[in-house]
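For reference, the structure is listed below as structure tokens.
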Amino acid sequence: MKILVATEKPFAPVAVQGIREVIEGAGHELVLVEKGTREDMIKAIADCAGLIVRSDKVDKEVFDAAKELKVVVRAGAGYDNIDLAEATAHGVCVMNTPGQNSNAVAELVMGMLITLIRNRYNGTSGTELLGKTLGIHAYGAVGRCVARIAKGFGMKISALDPWVKDEVMEADGIHPVHSVEELYSENQYVSLHIPATDETRGSVGKRLIEMLPKNGVLINAARKEVIDEAGLAEAMEARPDFRYVADVKPANADELEAKYPERVLFTPKKMGAQTAEANINAGLAAANQVVAHLKDGWNRFQVNK
Ligand code: 3PG
């Protein structure tokens, strides 16, 4: 059977090689569309039984074109790019690869934070992380990696996650909080790790940003959709001490960069999961999951049940 790997942002070559070995080793054929357009994906998917993507959009048009498709694996955590209802309507199993790229994202969070608070290494005196407060907004796989690394920097860490018991956080040395108000008002740095869902879209805006203590910094390596972008712009205007760091640029990024060049820091392209290690972990997991599903319907990480 044919398995399509369609990634606008390509995996590292070493990961592609591993994916090829898994797919061909199971007797399937790899179809590779890297840096392709949506049209390239739609054309290539016609006779494929499996599809591996990253943040690439998989919607009705793609499912309609995919006559043989049985399984889609999002090589990564967030699957807001995949229309789950359409997948189910087309009888396609959708899975993600939880945890496989979390460390890469967490390392980028800390790297961007240091770049910001050291004033982009411009020769002026910055500040340190030791002893500062960090609030982790959602204590999932990435949030836990951020906490592990931030502990090494000697930060005081709190986390908010209604799905995680206090005992679990306490065992990790993390202070559990139970409301966004608590999280934002008690931590100078807040790092976002919530998924983009109907509940979270636009949920972080002026009201929460204004609660941050003096010299507050919000870090977003999650999804741009969780930010209320108009509220962010208003908060930037209202609070000259507030800074915003994102691996997922808001639509108004150019305007913010022009107005507040020292108070925002954005990657040119989403880079959190873009390491060889994360590509290998998530890419190989995705390839193995597609192969297992095509063999006997394996669906441990199915998200459209
Ligand atoms: C994820 O959800 O796994 C991350 O946001 C990484 O996304 P990417 O594969 O597009 O880099």
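Structure values in brief
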item: Debye, to nearest 20: dipole size of the chain, +1 on Lys, Arg Cβ, -1 on Asp, Glu Cβ; result: 540 debye
item: Kyte-Doolittle mean at least -0.5 and Cα axial length at least 15 Å: DSSP H helices in the chain; result: 13-25, 102-117, 141-152, 276-296
item: Full-extension gain in nm, LYS35 to GLU234, via 0.36 nm per residue minus C-alpha separation; result: 68.1 nm
item: More than 13 angstrom apart: percent of Cα pairs within the range 205-251; result: 49 percent
item: For the range 129-178, with +1 on Lys and Arg beta carbons and -1 on Asp and Glu, the positive-most of PRO162, GLY131, ALA141 along the dipole; result: GLY131
item: Listed residues PRO250, ASN304, THR200: farthest to the positive end of the dipole of the chain (Cβ charges); result: PRO250
item: Carbon + sulfur, % of accessible area of the range 102-266 - ligands and nucleic acids excluded, 1.4 Å; result: 53 percent
item: Per residue accessible area in Å² of the range 1-130, where ligands, DNA and RNA are left out and the probe is 1.4 Å; result: 44 Å²
item: Spread of Cα-to-Cα distances over 5 Å intervals beginning at zero, given as percent, for the range 162-261; result: 3, 12, 22, 25, 19, 11, 5, 3, 1
item: For the chain: Kirkwood Rh in Å [reciprocal of mean 1/r, alpha carbons]; result: 20.3 Å
item: Rounded to the nearest 20 debye, dipole of the range 1-57 from Cβ charges on Lys, Arg, Asp, Glu; result: 200 debye
item: Three-way shape label, the range 96-219, alpha-carbon gyration tensor, a/c 1.5; result: rounded
item: At R0 = 51 Å, FRET efficiency that the Cβ-Cβ distance of LYS57 and THR133 yields, to 0.05; result: 0.85
item: Assigned charges on the beta-carbon of Lys, Arg, Asp, Glu; the range 102-266 dipole about Cα centre (debye); result: 500 debye
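The values are calculated or read from the model by the stated rules, or taken from the named source; none is laboratory data. Predicted model, so just to flag it, every value in this text is computed and none were measured. Note that we place each Cβ from the backbone using ideal geometry, even for glycine, and neighbour counts take in every protein chain shown. Surface areas here come from the heavy atoms of the whole protein model, side chains and all, with no ligands, DNA or RNA. Shrake-Rupley method; radii C 1.70, N 1.55, O 1.52, S 1.80 Å.
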